[in-house]
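Below is one structure, written out as structure tokens, with a few remarks after it.
Rule-based calculations on the coordinates, nothing more; no lab input. Worth saying up front: this structure is predicted, and the values here are computed from it rather than measured. Neighbour counts are summed over all protein chains in view; Cβ atoms, including those assigned to glycine, are modelled from backbone coordinates with ideal geometry.
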């Protein structure tokens, strides 16, 4: 299921990128996931969450991202929900772009 959402989001991003003219504003989205706890039989990481936080901050400061989304040690359901929300934001933006193009 997660793989399907990732593929759909990637295809949508490619389609949107092809339709954007130079005069249009590019809107970037970031979903950063940091998981220090990788589960049973895995070593606990020290910096995964803080690295994800720093990545979002850099993307907001220098990468042209309005508001990044950060998930810290999420459950699979949380990640799927965040991907769905990001996909909806993207589709709304794509719809506005296509409508504006006539």
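List of remarks:
- Summary value for segment 27-93: 40 percent relative contact order, contacts being C-alpha pairs under 8 angstrom separated by 6+ residues.
- Ranked list, fewest to most other Cβ atoms within 10 Å of each Cβ, for 80, 43: 43, 80
- Arranged from fewest to most other beta-carbon atoms within 10 Å of their beta carbon, 96, 27 become 96, 27.
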